[in-house]
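The values are calculated or read from the model by the stated rules, or taken from the named source; none is laboratory data. Computed from a predicted structure; not experimentally measured. Glycine gets a Cβ as well: all are built from the backbone with ideal geometry, and neighbour counts include every protein chain shown. Calculation scope for accessible area: heavy atoms of the full protein, side chains included, ligands and nucleic acids excluded. Shrake-Rupley method; radii C 1.70, N 1.55, O 1.52, S 1.80 Å.
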Amino acid sequence: MTEIRDLLKSAFVNFELKATEKEAAINELSTTFVKKGVVRNDSVYFDAVMKREEESTTGIGFGIAIPHGKSAAVTESALGFGRSQAGITYDSMDGKPVHLMFLIAVPEMSNNEHLRILSKLSRKLMHEDVRQKLMAVTDVEEIYQIFE
């Protein structure tokens, strides 16, 4: 089973997302994947994420969004984390802005790995204390501890 620690590298963490809109926030986080070579083509990956958003929003409520894309442009599974104190307009299920965003990238041929990652994140993020801790963390090691 893939662990959060294996997927979420410190290079994929942004504690101060500048974006205030869904597309811009997803783009801002996905560029970290490109810099580290886990995404070869940013626009192909971004299109996969946005296509998934058209099916139904990944803004699950409680200030959380878990956008994800499965694409041939992805060389290895990765997880990005972005935080916005101001909030991101996201078209969430509860209509509220997003403050915590987890972006999942998985290769085209990776079966249902993104679903396993999603369920692991969702189970933890249901708890208010976890969300509060994530709003305050200052380094990636703290994020690992929250999910272990």
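Charge dipole (Cα centre; +1 on Lys/Arg Cβ, -1 on Asp/Glu Cβ; no other charges) of the chain amounts to roughly 140 debye. Probing with 1.4 Å while keeping every protein chain in the model, the per residue accessible area of the chain equals 49 Å². Residues whose amide H falls under 5 Å from that of LYS9, counting only those 5 or more places apart or on a different chain, are LEU79, with hydrogens built in the peptide plane.
Per-residue 3J(HN,Hα) values for region 2-13, derived from phi via the Karplus relation 6.51 cos²θ - 1.76 cosθ + 1.60 with θ = phi - 60°, read 5, 9, 3, 4, 6, 9, 8, 8, 4, 5, 9, 10 Hz in sequence order (x marks Gly and Pro).
In what sequence, highest mean first, do 108-114, 23-29 appear when ranked by Cβ atoms within 10 angstrom?
Values: 108-114: 13.3, 23-29: 20.0.
Going from most to least packed, we get 23-29, 108-114.
The residues packed around GLY37, meaning those with a beta-carbon under 12 Å from its beta-carbon, carry a net charge of +2 if Lys and Arg are +1 and Asp and Glu are -1. Rounded to two decimals, the Cα radius of gyration of the chain over 2.2 N^0.38 Å is 0.93.
If I build a Gaussian network model for the chain, linking alpha-carbon pairs within less than 10 angstrom, which residue out of LEU121, LEU103, LEU79 has the largest mean-square fluctuation? Highest fluctuation among the options: LEU121.
Placing unit charges on the Cβ atoms only, positive for Lys and Arg and negative for Asp and Glu, gives region 1-88 a dipole magnitude near 240 debye about its Cα centre.
Evaluating kT/(6 pi eta Rh) at 37 °C and 0.692 mPa s, with the Kirkwood radius of region 10-94 over Cα pairs in the Stokes-Einstein relation, gives 253 µm² s⁻¹. Sequence-ordered 3J(HN,Hα) estimates for region 77-88 from the Karplus curve with 6.51, -1.76 and 1.60 and θ = phi - 60° stand at 4, 8, 10, x, 10, x, 10, 10, 5, 6, x, 10 Hz, glycine and proline given as x.
The lysines within cross-link reach of LYS96, meaning a Cα-to-Cα straight distance under 22 Å and a gap of 8 or more places when in the same chain, are LYS18, LYS22, LYS51, LYS124, LYS133. Among the protein heavy atoms of the chain, carbon and sulfur supply 51% of the accessible surface, probe 1.4 Å, non-protein parts ignored.
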